[in-house]
Amino acid sequence: VSRDKKYKRILLKLSGEALMGSLGFGIDPKVLDRMALEVGQLVGIGVQVGLVVGGGNLFRGAALQTAGLDRVTGDHMGMLATVMNALALRDALERSNIKSSVMSAIPMSGVVDHYDRRKAIRALTRGEVVIFAAGTGNPFFTTDSAAVLRGIEVDADLVLKATKVDGVYSADPMLDPDAEKYDYLSYDEVLDKKLEVMDLTAICLCRDHNMPLRVFAMEQQGALLNIVVGGEEGTLVAT
Ligand code: UDP
């Protein structure tokens, strides 16, 4: 394929819910296979791909706290959930013959590698997909923040957030028919308008380190590939 790549190295954030597909809980193998296919297309044109996967399809610390658990314990469970999702993703990628590894912020010897920035960069440079698991390794953070953090650390050109809607809207488009879609937003606009793009920590990290962020709908076939070759899908958040 001789398409011009706009981005050489990207960090793609996949929420746990995205892996759930139409199921109410857990992981849909069909969705995994589709994601492996789409990521494989990027690898095929020489784009280096880092993935951060969420855990909301299994456990969320805040929800567990509401159910009566200790928050930090709940967050630990949430982070372990992201490791399970990462294992499932790695499995799907490897079945599609896409070299990949999982690097966890929480060491789990014999199951996954421990996160090491230099090893991650070397693997990405070799064209391997690196799945970053266990978020930041700390409670009270989210995998959105982990995605931006890892993106900055490995010097990605762009952080991509895959969501259900095709970008950022002035209101929830599922609830408000007058909601308008933004093509572009500055970091400060996101903060001032209190738009729910990512949590504040993640947006502030992007702003402070000048990391561009694109929010798009993964469900749109080919959207991911289109973005890395310079397509204007979804909403760009940048300076
Ligand atoms: N989590 C955490 N620290 C992190 C990342 C995640 O404690 O750095 C926990 C937190 O409880 C969170 C859960 O892991 O609710 C799953 O992550 P997240 O909610 O970000 O997943 P997503 O919404 O993307 O599926």
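In table form, for the structure just shown:
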| read-out | value |
| --- | --- |
| Residues within segment 63-104 that are surrounded by 15 or more Cβ atoms within 10 Å (Cβ to Cβ), within 11 Å of the ligand (Cβ to nearest atom), closer than 21 Å to L23 by Cα and among the small types (G, A, S), tallied | 2 |
| Filtered residues of segment 112-144 (kept if touching a Ser or Thr at 6+ places or on another chain (Cβ under 9 Å) and among the β-branched types (V, I, T)) | V112, V129, V130, I131, T136, T142, T143 |
| Residue in segment 224-236 that is among the charged types (D, E, K, R), modelled with pLDDT under 95, over 30 Å from G74 (Cβ atoms) and more than 18 Å from the chain's Cα centre (by Cα) present | yes |
| Residue that is on the phi > 0 side of the Ramachandran plot and of a type in the set (A, V, I, L, M), where the choices are A134, A179 | A134 |
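The values are calculated or read from the model by the stated rules, or taken from the named source; none is laboratory data. Everything numeric in this text was worked out from a predicted model, so none of it was measured. Positions of Cβ are backbone-derived with ideal geometry, glycine not excepted, and every protein chain shown enters the neighbour counts.
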